[in-house]
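Visitor: Let me give you the structure first, and then I'll get to my questions.
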Amino acid sequence: MAVLDFATGFLMLSSIIAGQGTSSSQSTSPIVKVDRTVVSEAKFVDYTRRESIAAYVQEYFTDSPVLAEIARCESTYRHLGLDGNVLRGNVNSNDVGVMQINETYHKERAEGLGFDLHTLEGNLAYAKYLYEKQGVRPWKSSSKCWSEFQS
């Protein structure tokens, strides 16, 4: 579990997660910059590295790889912008995150289901929900980029 300290802009990790990759002389609760987050138990995603997000997205969508290709096309595997805030679309600023989910159409439903579109985990989980309900239609505007990967 992670606790975000907004005042200092650092992420405090629990001793379970923090113990990974640390020597016994290090504290069990190190401070790590906010550009990293714990996405699941014992898994870090470095938001500053597209390769890190790409690997996580590809693993997350193992059963529906077209969604990983959609993420590549929509955001080039970025979830945050250069300013550290959730990535917003260039054409439509209501499109957010790695999956570029439109808040105008989906925010209320996503929140009702318990998904936060501004987190990587929530963005991916809601994309999976959308895919199960509507297939690839929500991302049809980028289909020229990913359609050859459609399964």
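Visitor: Given C-alpha coordinates of the stretch 50-149, what is the ratio Rg to Rh with the Kirkwood estimate of Rh?
Guide: 0.92
Visitor: Determine, from the Cβ-Cβ distance of residue 92 and residue 144 and an R0 of 25 Å, the FRET efficiency 1/(1 + (r/R0)^6), rounded to the nearest 0.05.
Guide: For residue 92 and residue 144, the calculated efficiency is 0.90.
Visitor: Which of the peptides 87-99, 117-129, 51-63 is most tightly packed, and how do the rest follow, going by the mean number of other Cβ atoms within 10 Å of each residue?
Guide: Sorting 87-99, 117-129, 51-63 by mean packing, highest first, produces 117-129, 87-99, 51-63.
Any read-out appearing in this document is the output of simple, stated calculations on the displayed coordinates, not a laboratory observation. It should be emphasised that the depicted structure is a prediction, and the values quoted were computed from it without experimental measurement. In this analysis, Cβ positions are derived from the backbone assuming ideal geometry, glycine residues included, and neighbour counts consider all displayed protein chains.
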